[in-house]
Amino acid sequence: MPQWTGPDDAPTAVDLYAGCGGMTFGLFLAGFHVRGAWEIRAPERYTYHVQHCQENDLAQYGDATDVDPSKVPDDLSVLAGGPSCQGWSSAGGEVDPDDPRNEHAFAMAEWADACEPQLVLIENVVGMTELHGPLHSALVDALADAGPGYEVRTLELNAADYGVPQRRKRVFIVGVRDGLPTPDTWTPPETHRDGQRRLVEFGTGRALEGYTTAREAFEDGGEGPLPRPLESQSPADDPVHATIDELVAYRDDALDRHRVDPHSVSEFIERDGEEVWMPPNHVVIDHRRGVREGFAEWSLGFCGSSTTDRRLHPDEPAPTMTVSEGTPPVHFAGRSPSTPGASLEDVRRMTVREVARIQTFPDWYAFAGNKHEQYRQASNAVPPLLAAHVASHLRECVLEGETLSKVVA
């Protein structure tokens, strides 16, 4: 788990609607000292607490609509958050303009008005702009008028352009407090580009890599190649996971023996007479033979009409990890129309650990709960690597630019 060892004068941040901590981890990587987080869902709160609060001076709170500026540091550098997006998302079909979940985003403007941070960073799905134009405009206006006033820009970014092995488009609304320098270019410079293995960008001389692929994420990411996952079984019975009923003495819920405790760590297990490293949350879903046969008919890279009907291509970034029905895409392993001789037994949906790799979480980042809750956390999070690129760009262009202007003056 990350432990803050940065300087005392490092820029500060808080994370509203923090989930399991993807934005927080990205801010941490970008050199921000995260001091507070808000989240109401129990599995997400437990994951966040173990991964971020236990080793750091980081307070955790519940309802982010309860605006209380006394809970944030003075002259806060960044107010960040990814408010509930189900009301904005296009994944669920018809959009309800009166969905009360849409209002969570406006709590970000209320916080900005109350504590006047230097920067505001709101992450959400592209449906915020594509399907909710009036609501998006109202949120931008509310943020622009908050506190001393903010200059606001809306960025649409593809995570794959920043090294994330996933074609994941997200909106970032960025607010810079009046009086601070604004970026010459609001969009962070891309580090990767589709269709290139390596490219020197004309006019800048920057070297751009090709997109990171799903195969690279599983073989070269994390702590090394992912092993074959554990067979489907309760965490109370497998050799890697602690369960919540084992480690949380005051809990008295029979279902907790089926819920992973986020204190779980990787272990070496014996397999076929050898010691094999096994990370947490890497348990295969048990499929009936008929289900495997249906998946085997999907070509590599298949993308159906439902967000659950998707299959990875090993040499492309993964599709967007979604939370629909707690169901991950199908792995590229095993039989497919282009690999008819491959094993049917290898055809399966992704594990939570594989989803976490696609999202750029490190392998020690364990997720709490049952499989559905684990998958929801891993797939719904802001990819830490994407958050780190955005935060680093803003730190360099706004906060360090502001420091430089004071020195020159």
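Quick note: the coordinates plus some simple rules give every number you see, no bench work behind them. All figures in this text were calculated on a predicted structure; none of them were measured in a lab. Virtual Cβ from ideal backbone geometry, glycine too; neighbours counted across all protein chains shown.
For an R0 of 30 angstrom, estimate the FRET efficiency from the Cβ-Cβ distance between Asp272 and Asp309 and round to the nearest 0.05.
It comes to 0.30.
Sequence-distant or interchain residues sharing an amide H contact under 5 Å with Leu208, placed H: which?
Amide H neighbours of Leu208, under 5 Å, 5+ apart: Leu199, Val200, Glu201.
With the chain treated as a Gaussian network of Cα nodes joined by springs under 10 Å, which of Gly224, Gly26, Gly175 yields the largest mean-square fluctuation?
Taking springs between Cα atoms under 10 Å, the residue moving most is Gly224.
Nearest 10 degrees is fine. How inclined is helix 371-380 to the longest principal axis of the chain, computing both from alpha carbons?
40 degrees
Just to check I understand the Karplus step: with θ = phi - 60° and J = 6.51 cos²θ - 1.76 cosθ + 1.60, what whole-Hz values come out for the range 174-189, glycine and proline as x?
10, x, 10, 4, 3, x, 9, x, 9, x, 4, 10, 6, 6, x, x
Which order do Ser84, Ser338, Ser234 fall in if you start with the one that has the fewest other Cβ atoms within 10 Å?
Starting with the residue having the fewest Cβ neighbours, the order is Ser338, Ser234, Ser84.
Take peptides 367-377, 271-281 and line them up by average Cβ neighbours within 10 Å, highest first, as a rough protection proxy.
367-377, 271-281
How much mean residue ellipticity at 222 nm does the chain get from its helices, if each DSSP H run of length 4 or more adds -39500 (n - 2.57) and you divide by all residues, to the nearest 500 deg cm²/dmol?
-6500 deg cm²/dmol
In degrees, nearest 10, range 0 to 90: what is the angle between the Cα axis of helix 133-144 and the longest Cα principal axis of the chain?
For 133-144 against the chain, the angle is about 50 degrees.
Tally Lys/Arg at +1 and Asp/Glu at -1 over every other residue whose Cβ is under 13 Å from the Cβ of Ala388; what's the total?
-1
Per-residue HN-Hα couplings for the range 10-26, Karplus 6.51 cos²θ - 1.76 cosθ + 1.60 at θ = phi - 60°, whole Hz, x for Gly and Pro?
5, x, 9, 8, 10, 10, 7, 6, 6, x, 8, x, x, 5, 4, 5, x
For the range 302-307, just list the computed ³J(HN,Hα) in residue order, Karplus coefficients 6.51, -1.76 and 1.60, θ = phi - 60°, integers in Hz, with x standing in for Gly and Pro.
Values, residue by residue: 4, 9, x, 6, 9, 5 Hz.
Rounding to the nearest 10 and keeping the result within 0 to 90°, find how far the Cα-based axis of helix 104-115 lies from the longest principal axis of the chain.
Helix 104-115 sits at roughly 40 degrees to that axis.
With a 10 Å radius around each residue's Cβ, average the other Cβ atoms per peptide and rank 72-82, 341-351, 176-186, highest first.
Packing proxy ranking, top to bottom: 72-82, 341-351, 176-186.
Order by neighbour count: Cys115, Cys303, Cys20, fewest other Cβ atoms within 10 Å first, most last.
Cys303, Cys115, Cys20
Is the shape of the chain rounded, prolate or oblate, going by the alpha carbon gyration tensor and its root eigenvalues a ≥ b ≥ c, with a/c under 1.5 for rounded and a/b larger than b/c for prolate?
prolate
So, by mean Cβ neighbours within 10 angstrom, what's the order for 137-143, 359-365 with the highest one leading?
359-365, 137-143
If Lys and Arg each add +1 and Asp and Glu each add -1, what is the summed charge of the other residues whose beta carbon sits under 11 Å from the beta carbon of Ala37?
Summing Lys/Arg as +1 and Asp/Glu as -1 gives 0.
Pull up all non-local amide H partners of Thr320: gap of 5 or more, or a different chain, and H-to-H distance under 5 Å with H placed in the peptide plane.
Arg167
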